[in-house]
Amino acid sequence: MRNLPRVLIVEDEPAIAELIAVNLRHNGFQPTWAMDSATAQRELADVLPDVILLDWMLPGESGLSLAKKWRADARTKAVPILMLTARGDESDRVAGLDAGADDYITKPFSTKEMLARIRAVLRRRTPENAGGVVTLGDLQLDTATHRVSFQGQAVKLGPTEFKLLNFLMKHAERVHSRGQLLDRVWGDHVFIEERTVDVHVKRLREALGAAGAMVETVRGAGYRLTTQVTVRTAPPEPVSTPAAPLSNGLRGGQPA
């Protein structure tokens with residue numbers, strides 16, 4: 001049985017919380033309800049959710065304060081937060097997003113829109129990891145066996161280079177910026193320098209050998225994987241002919 005995405009609903013109005021929970025359950029999510037900040041903190045300590053729906057106006061500590069606290073905590077900083085609130089002014093939306101919310105939904109809201117926004121943040125937070133065999137020219141990648149080959153010869157890659165090649169092969173001929181590669185390969189919850197991408201692209205090229213030419217640098221834009229290059233293969237090694245055996249007392253063609 002597949003694991004359903006967990007959604008923590010932090011909402012002090014039972015009717016709204018129940019409406020959200022029912023729609024989440026009917027659409028393949030596993031909701032948990034917390035009616036105030038203290039309950040929400042206990043739920044987070046127990047099980048880390050995949051998404052948090054957070055009301056701004058809560059008894060005790062506000063949703064804005066909770067968002068800031070959870071973003072500052074190493075354990076919870078990667079969990080997507082969608083702010084639910086009746087405060088629809090631009091300044092309020094900016095404050096919510098600046099506090100760490102990934103999205104902002106104004107009450108009253110459409111449940112269909114809410115579900116779409118939840119799916120969107122989950123997609124953005126999940127690195128590219130779809131299965132299957134991908135083939136591009138003479139280059140082949142199998143995610144099930146974690147093997148890569150070029151012209152029938154095995155290619156050894158590290159885990160990050162494998163994920164990077166997987167993404168590039170599935171989106172061949174397109175240019176991807178460093179930021180896009182970080183989001184789609186590493187996941188946008190990982191806070192690393194964009195120049196890290198350059199290091200892994202260099203390692204990928206080196207590991208691919210002759211096929212490394214397929215990974216192009218597009219100046220000022222990023223990288224792309226293409227078949228529109230001439231990939232040179234190493235010439236076959238010459239076969240040496242063994243020397244004829246010496247006989248009749250001759251050594252090196254001279255009399256013994």
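Counting only protein heavy atoms and using a 1.4 Å probe, what share of the accessible area of region 1-126 belongs to carbon plus sulfur, as a whole percent? Working shown, then result.
Details: 3360 of 6440 Å².
Summing carbon and sulfur atoms, their accessible area is 52 percent of the total for region 1-126.
With 28 Å as the limit, write out which pairs from K77/K112; K107/K163; K170/K202 have Cα-Cα distances beyond it, or answer none.
Pairs exceeding the cut-off: K107/K163.
Considering only DSSP states other than H, G, I, E and B, which trypsin sites (Lys or Arg not before Pro) in region 1-83 qualify as loop sites with at most 16 other Cβ atoms within 10 Å?
Sparse-neighbourhood loop trypsin sites (Lys or Arg not before Pro): R2, R75, K77.
Take every Cα pair under 8 Å in region 16-121 that's 6+ residues apart, average their separations, divide by the length, and report that relative contact order as a whole percent.
After rounding, I find 22 percent.
Could you work out how far apart the two model spin labels at T217 and R195 are, taking each label as a point 7 Å from the Cα in the direction of the beta carbon, and quote it in nm?
Rounded to a tenth, the inter-label distance reads 1.3 nm.
Using a probe radius of 1.4 Å on heavy atoms only, what accessible surface per residue do you get for region 1-95? Whole Å² is fine. Don't skip to the end; give the middle numbers.
Working: 4830 Å² over 95 residues.
Here the per-residue accessible area is 51 Å².
Any idea of the accessible area per residue across region 97-189, 1.4 Å probe, to the nearest Å²?
Value for region 97-189: 52 Å² per residue.
Loop only per DSSP, at most 12 neighbouring Cβ atoms within 10 Å: give me the chymotrypsin sites (Phe, Trp or Tyr not before Pro) in region 141-219, ordered by residue number. Let's see the in-between values first.
Numbers: sites: F150, F162, F167, W186, F191; in loops: F191.
For chymotrypsin sites (Phe, Trp or Tyr not before Pro) across region 141-219 that sit outside H, G, I, E and B with at most 12 neighbouring Cβ atoms in 10 Å, the list reads F191.
Taking a point 7 angstrom from the Cα of D46 along the C-beta vector, which residues in region 69-85 have backbone N less than 19 Å away?
76
The values are calculated or read from the model by the stated rules, or taken from the named source; none is laboratory data. For clarity, every value in this text was computed on a predicted model and none was experimentally measured. Cβ atoms come from the backbone with ideal geometry, glycine included; neighbour counts cover every protein chain shown. With ligands, DNA and RNA removed, areas are computed over all heavy atoms of the protein, side chains included. Shrake-Rupley method; radii C 1.70, N 1.55, O 1.52, S 1.80 Å.
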